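Just below is one structure, and these are the notes that go with it.
Each reported figure results from applying straightforward, stated rules to the coordinates on display, with no laboratory input. Because the structure is predicted, anything quoted here is derived from the model rather than measured. Cβ placement follows ideal geometry from the backbone for every residue including glycine, while neighbour counts extend to all protein chains displayed.
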Amino acid sequence: MKMINRREYPELDALLWDTTAETIPAQDALRIYEQRWGFVNQAALQNHERELIKQLAKAAGGFLPAVA
């Protein structure tokens, strides 16, 4: 899987409060979204970040709450 630049995805960036890494593996990004979903401001999700979440979940067979 590819590396994800956290700065391109504002909600992911906010979820990564405990690391200074600029990029993270895609599988880690999915895990962070899943584990910290309650902290995601869904109203603030930009279309490209919604699409990233959908792609990550589809590729990994992961679960996420519905992303409207």
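Tabulated results
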| read-out | value |
| --- | --- |
| Residue-averaged [θ]222 nm for the chain, counting only DSSP H segments that reach four residues, each worth -39500 (n - 2.57) | -13000 deg cm²/dmol |
| Inter-probe distance in nm under a simple model that places probes 7 Å from Cα toward Cβ, at GLU51 and ASP13 | 1.9 |
| Local electrostatic count at ASN47 - Lys and Arg +1, Asp and Glu -1, tallied over other residues with Cβ under 15 Å | -2 |
